[in-house]
Amino acid sequence: MELPVVNHPEYVAKINENSVFPIKKFSSLANYLLKNNIIKKFYIPKECSVETLSKSHSLSYINHIKNKTLDKKSETKIGFPINDSVIKRSFLATGGTVLASKLALNHKLACNTAGGSHHASFNNGAGYCVFNDVAVAANYLKYKKNIKKILILDLDVHQGNGNSDIFKNDRDIFTFSMHCKTNYPAKKSKSDLDIELNDGLEDREYLKVLKNNLSKLNQLNFDFIFYIAGVDVHFNDKLGKLKLTDEGINLRDKTVIENFYSRKIPLCGVLGGGYNKSFNKLIELHAMLHRNCSYFF
C-alpha cells in the first residue's frame with residue numbers, strides 16, 4: 001500500500017499570463033511524483049459542496065464566486081480572474097483537501113497536491129486564495145467526523161490570517177502560524193499561536209524554533225493535524241524573505257511528519273505557497289512533502 005495522494009487535472013486553471021502565481025506547478029508536481037515513483041496513482045476529488053463550504057465561508061461570498069458576480073475590487077484582492085476555470089479549480093482543490101483529510105483519518109497520512117489557501121477568510125478571498133481549503137476540511141472533520149481537537153500547523157512564509165480569522169472564536173481548532181514578521185499580509189491577524197521570524201533566518205535557527213514549538217504543541221494532545229508545507233521559506237523564493245536551503249526544508253518536513261506520525265496522530269499535508277525563481281526547483285521542493293510522507297507511510 002502507498003501513501004494516498006489527491007490530485008485533479010483541473011487544479012491548473014486559466015489565469016493571467018503575467019501572474020506571479022505559478023499555476024502550472026500543480027500538473028508538473030503530479031508528473032514529478034509519478035515519474036520519480038513516489039506514488040503510482042492519485043485519488044481524484046469531487047468539487048466541494050456548498051453545504052461543506054458554508055461552515056467556513058458566508059453563503060453570500062460562495063454565491064458571488066459561483067455566479068461570477070464578485071466585485072472587481074474583491075477580485076483584484078484575490079489576484080485571479082473569477083472565470084469558469086478558476087471557479088472549478090477552487091471547488092476541486094477544496095474538495096481535494098477534504099478528501100485528503102478523510103484519507104488521513106483512515107491511513108494516518110495523506111496529502112493533496114494543492115491546498116493551503118490560508119489567506120481566504122469568512123467573507124472574502126485574498127492573496128491567490130479563493131476558498132480556504134484547510135479551514136473547510138477542518139470544519140468538515142469537526143462537524144461530520146466528530147474530530148474535536150484539530151491543529152492547523154502553518155509553516156508558509158506568510159501568516160495564515162484566513163485561518164485565524166475563521167477560527168478566532170473556535171476552541172476546538174488551534175491555529176499555529178510560524179511566518180516572516182515583515183512579509184504579507186501587512187496587517188496580521190491573531191492566531192492561537194503566532195511565531196514571527198526575522199528576515200534572513202537560516203536553517204539552524206529556524207529548525208531550533210520549530211522543534212521548541214512542536215514540544216509545546218505536543219502537550220496539547222491533538223486528534224488531527226493539517227500541515228501547510230509552504231516552500232516560500234526558501235532562499236531563492238521571489239516572495240519569501242527567509243533563507244532556508246533545500247536541506248533545511250527537507251529537514252523541516254521530516255521533523256513535522258515524524259513528530260506526529262510517531263504519536264499516531266493523523267496528518268493531512270497540503271502545498272502552501274512557493275514562488276521560486278527556478279520552476280524546476282519549486283517542483284522539487286514541493287515534492288519533499290509527499291516524498292517524506294511516503295517514506296514514513
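Observations on the model:
- Rounded to the nearest angstrom and listed largest first, the equivalent-ellipsoid semi-axes of the stretch 5-296 from its Cα gyration tensor are 25, 21, 20.
- Using a Förster distance of 22 Å, the FRET efficiency for Ile44-Asn280 (Cβ separation, nearest 0.05): 0.25
- Equivalent ellipsoid dimensions for the stretch 119-163 as semi-axes, Å, which come from the Cα gyration tensor, largest first: 21, 13, 7
- Full extension of the segment from Lys144 to Asn221, taken as 0.36 nm per residue of separation minus the current Cα-Cα distance, would add 25.7 nm.
- Shape descriptor for the stretch 118-224: Rg over Rh equals 0.97 (Cα atoms; Rh from the Kirkwood inverse mean 1/r).
- Distance between the 7 Å Cα→Cβ label points at Thr245 and Asp71: 5.0 nm.
- Dipole magnitude for the chain: computed about the Cα centre from +1 point charges on Lys and Arg Cβ and -1 point charges on Asp and Glu Cβ, it is near 420 debye.
- Inter-label distance for His107 and Leu34, nm, one decimal - labels placed 7 Å from Cα along Cα-to-Cβ: 1.7 nm
- Radius ratio Rg over Rh of the stretch 175-266, counting only Cα atoms, Kirkwood formula for Rh: 0.96
- Shape call, the stretch 1-92: gyration tensor on alpha carbons, a/c limit 1.5: oblate
- For Gly269, the amide hydrogen comes within under 5 Å of the amide hydrogens of Ala110, Cys111, Asn112, Tyr227, counting only partners 5 or more places away or on other chains and with H modelled in the peptide plane.
- Entry note: the stretch 218-296 has Rg to Rh equal to 1.00, where both radii use alpha-carbon atoms and Rh is the Kirkwood radius.
- Taking amide H atoms as placed 1.01 Å from N in the peptide plane, the amide H of Tyr43 lies under 5 Å from those of Val5, Val6, Asn7, each 5 or more residues away in sequence or on another chain.
- A compact globular protein would have a Cα radius of gyration near 2.2 N^0.38 Å; the ratio found for the stretch 21-172 is 1.03.
Every number here is computed from the coordinates shown, using simple stated rules; none is lab data. Keep in mind that what you see is a predicted model, and the values were worked out from it rather than measured. So basically every Cβ, Gly included, is an ideal-geometry build from the backbone, and we count neighbours across all protein chains shown.
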